[in-house]
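First up is the structure itself, then whatever we jot down about it.
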Amino acid sequence: MSALSDNLVTFAILAYLIAMIGHAVEYALGNVRTRVAAAAPVRELVGAGGPVPTPPAPVPSPSPADRSAGRARLAGLIGVGATAVAAGLHLAALVTRGLAADRMPWGNMYEFVLTVTFIGVAAWLVVLWNRPSLRKLGLFLTLVMVLLVATAELVLYVPIVPLVPALNSYWFVIHVSTIVFASGIFLLGVVPAVGFLMRNGYEQGKRSFPYTLAKRLPGAVGLERLTFALHAFAFPIFTFAVIAGAIWAEAAWGRPWGWDPKETWAFISWVVYAGYLHARATPSVKRNVATWIAVLGFLTMLMNLFGVNIFFTGLHSYGGLD
């Protein structure tokens, strides 16, 4: 079962790569505007007697622009389909990993990254189902999936081992599940956040890199609203996860808070995301300034996930890496 999980992760990475290529093709062809050929006026025949039947108008042949637009849409749909297939393989890898370990697959950094990325892509498919106009964001989402899942498989992979004694508690499911879920939504939220920063600059006339990458993205207003909606949804869940962790720490270590490196960085992330929501609700703060705070919040989440587990030692050192 463990070998099956490893193979499913490999196939998921390949599927994400195919999805990224499909979205890249759509992105490259998406600037072609469809032109509707105007029908040539039909000469009216005047007869001496009764009415003369009008010949049928000629059917215009598809223009090169029409064909390019059609190919772009097909490539985008292939990208969405491949993303859905990759998500299915991704989920199957997590399920088989959990069955092989006889526990929830969140015991180390490898499993945590796999779960967070799955939550992110599943949430993306839900968003896309409700707002198909955002499909071109799929290029950036699948790029993130390829990078993170491949990093997990190539760098963070560890064999299945039993949980450390401190994790053998029902709080493991309560605390870690909410942390994983909130982190996955934050992961998705950073994609439209970065897209908004680039698109907003492009709409203001900036034509240097990286603003030109946003030429074919949806409008900046819609991207900013999506960024806020995702963060506003994830923040209360993240808050509950931090509180649940403190309750678990009280039961396991006799104190709710000890400024352990992971606790400290979780607090930093909470403060930064709270700052983003406060800035977003303050009319005097520009939207791009508030969005930069959201991006900073995700960087602190990455530090908490990778940096703390790799460079620091503490009670939460469950990364699984030697």
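The values are calculated or read from the model by the stated rules, or taken from the named source; none is laboratory data. Computed from a predicted model, the values in this text were never measured in an experiment. Cβ: placed from backbone, ideal geometry, glycine included. Neighbour counts: every protein chain shown. Each accessible area value is taken on the protein alone, full model and side chains, heavy atoms only, with ligands, DNA and RNA left out. Shrake-Rupley method; radii C 1.70, N 1.55, O 1.52, S 1.80 Å.
Filtering the stretch 215-231 to residues that are among the hydrophobic types (A, V, I, L, M, F, W, C) and open to solvent by 40 Å² or more (accessible area, probe 1.4 Å) leaves V221, F228, A229. Answer yes if at least one residue in the stretch 270-281 is under 21 Å from I174 (Cα atoms) and surrounded by 15 or more Cβ atoms within 10 Å (Cβ to Cβ), and no otherwise. Yes, some residue in the stretch 270-281 is under 21 Å from I174 (Cα atoms) and surrounded by 15 or more Cβ atoms within 10 Å (Cβ to Cβ). Here I160 qualifies as outside any helix (DSSP H, G or I), open to solvent by 20 Å² or more (accessible area, probe 1.4 Å) and over 30 Å from A214 (Cα atoms). For L128, are the conditions met, namely being within 21 Å of I185 (Cα to Cα), in contact with a helix residue (DSSP H, G or I) (Cβ under 9 Å, 6 or more places away or on another chain) and in contact (Cβ under 8 Å) with a residue 60 or more places away in the chain? So L128 does not fit the description; no. Restricting attention to the stretch 184-191, does a residue exist that is open to solvent by 30 Å² or more (accessible area, probe 1.4 Å), within 26 Å of W265 (Cα to Cα) and either part of a helix (DSSP H, G or I) or in contact with a Lys or Arg (Cβ under 9 Å, 6 or more places away or on another chain) (or both)? No, the conditions are met nowhere in the stretch 184-191. Close Cβ contacts (under 7 Å, 6 or more residues apart or on different chains) running from residues in the stretch 99-114 that are farther than 18 Å from A12 by Cα and among the charged types (D, E, K, R) to residues that are in a loop (DSSP other than H, G, I, E, B) and open to solvent by less than 40 Å² (accessible area, probe 1.4 Å) comprise R103/L163.
Every condition in (1) open to solvent by 50 Å² or more (accessible area, probe 1.4 Å); (2) assigned to a helix (DSSP H, G or I); (3) among the hydrophobic types (A, V, I, L, M, F, W, C) is met by A290 except one, and the failing one is (1).
Yes/no matrix, rows are residues, columns are (1) at negative phi; (2) in a helix (DSSP H, G or I); (3) in contact with a helix residue (DSSP H, G or I) (Cβ under 7 Å, 6 or more places away or on another chain):
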residue	(1), (2), (3)
F240	yes, yes, yes
E250	yes, yes, no
P256	yes, no, yes
T264	yes, yes, no
R280	yes, yes, yes
M301	yes, yes, yes
V308	yes, yes, yes
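The condition (being without any contact (Cβ under 8 Å) to a residue 12 or more places away in the chain and on the phi < 0 side of the Ramachandran plot) is satisfied by just one residue among T142, T212: T212.
Here is a yes/no grid of residues against (1) touching a strand residue (DSSP E or B) at 6+ places or on another chain (Cβ under 7 Å); (2) closer than 22 Å to L139 by Cα; (3) open to solvent by 40 Å² or more (accessible area, probe 1.4 Å); (4) at pLDDT 85 or above:
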{"site": "V42", "(1), (2), (3), (4)": "no, no, yes, no"}
{"site": "A48", "(1), (2), (3), (4)": "no, no, yes, no"}
{"site": "P55", "(1), (2), (3), (4)": "no, no, yes, no"}
{"site": "P58", "(1), (2), (3), (4)": "no, no, yes, no"}
{"site": "R67", "(1), (2), (3), (4)": "no, yes, yes, no"}
{"site": "A82", "(1), (2), (3), (4)": "no, yes, no, yes"}
{"site": "H90", "(1), (2), (3), (4)": "no, yes, no, yes"}
{"site": "L99", "(1), (2), (3), (4)": "no, no, yes, yes"}
{"site": "G120", "(1), (2), (3), (4)": "no, yes, no, yes"}
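Among the residues of the stretch 241-265, those that are exposed (fewer than 15 other Cβ atoms within 10 Å of the Cβ) and in contact (Cβ under 8 Å) with a residue 40 or more places away in the chain comprise I247, A251, W253, G258.
Quick one: in the stretch 122-132, which of the residues that are assigned to a helix (DSSP H, G or I) and open to solvent by 30 Å² or more (accessible area, probe 1.4 Å) is farthest from G81 (Cα to Cα)? Ranking the candidates gives N130 first.
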